[in-house]
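Take a look at the structure set out below.
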């Protein structure tokens with residue numbers, strides 16, 4: 001959360017990806033979800049740094065899975081949203097909805113020369 005009491009945009013996206021992935025949310029799957037839905041490249045380091053920050057805030061909790069063949073026998077770290085994380089997503093959505101209320105974006109944007 002930022003000083004405004006809502007999640008930052010990337011924190012929100014990561015939490016939503018965790019929710020979408022369910023019990024199978026791990027770093028690479030979260031990154032894939034973010035890239036597919038946003039249409040942008042996402043750095044693994046940004047994903048892991050954000051997951052660490054969200055875990056420190058008590059919004060997600062990690063758990064170690066079974067050793068995985070694709071990781072040469074090393075286990076994956078999975079992430080689960082916590083009740084506080086769900087509450088923050090709802091709060092963030094509510095604030096964003098209130099901010100967008102009554103907004104009509106202009107169809108043309110004035111040029112920088114004007």
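The values are calculated or read from the model by the stated rules, or taken from the named source; none is laboratory data. Everything numeric here is computed off the predicted structure, so don't read it as measured data. Every residue, glycine among them, receives a Cβ derived from its backbone with ideal geometry; neighbour counts consider all protein chains shown.
Quick notes on this one:
- Members of region 1-35 found to be surrounded by 12 or more Cβ atoms within 10 Å (Cβ to Cβ), out of contact with any helix residue (DSSP H, G or I) (no Cβ under 7 Å at 6 or more places or on another chain), free of Cβ contacts under 8 Å to residues at least 24 places away in the same chain and farther than 19 Å from residue 91 by Cα, listed by number: 28, 32, 35
- Region 78-93, residues that are in contact (Cβ under 8 Å) with a residue 24 or more places away in the chain and either part of a loop (DSSP other than H, G, I, E, B) or farther than 19 Å from residue 25 by Cα (or both): 82, 91, 92
- Any hit, region 66-77, residues being surrounded by 14 or more Cβ atoms within 10 Å (Cβ to Cβ), touching a residue at least 12 places away in the same chain (Cβ under 8 Å) and more than 17 Å from residue 7 (Cα to Cα): yes
- Looking only at region 45-55, and only at residues there that are surrounded by fewer than 18 Cβ atoms within 10 Å (Cβ to Cβ) and touching a residue at least 12 places away in the same chain (Cβ under 8 Å), the one that is farthest from residue 81 (Cα to Cα): 46
- Residues within region 1-20 that are within 17 Å of residue 82 (Cα to Cα) and at pLDDT 95 or above, tallied: 10
- Residue match in region 94-103 (condition: out of contact with any strand residue (DSSP E or B) (no Cβ under 9 Å at 6 or more places or on another chain), on the phi < 0 side of the Ramachandran plot and part of a loop (DSSP other than H, G, I, E, B)): yes
- Criterion violated by residue 42 - all others in (1) in a loop (DSSP other than H, G, I, E, B); (2) more than 12 Å from the chain's Cα centre (by Cα); (3) surrounded by 12 or more Cβ atoms within 10 Å (Cβ to Cβ) satisfied: (2)
- Residue in region 57-69 that is modelled with pLDDT under 95, over 14 Å from the mean Cα position of the chain (by Cα) and not in a strand (DSSP E or B) present: yes
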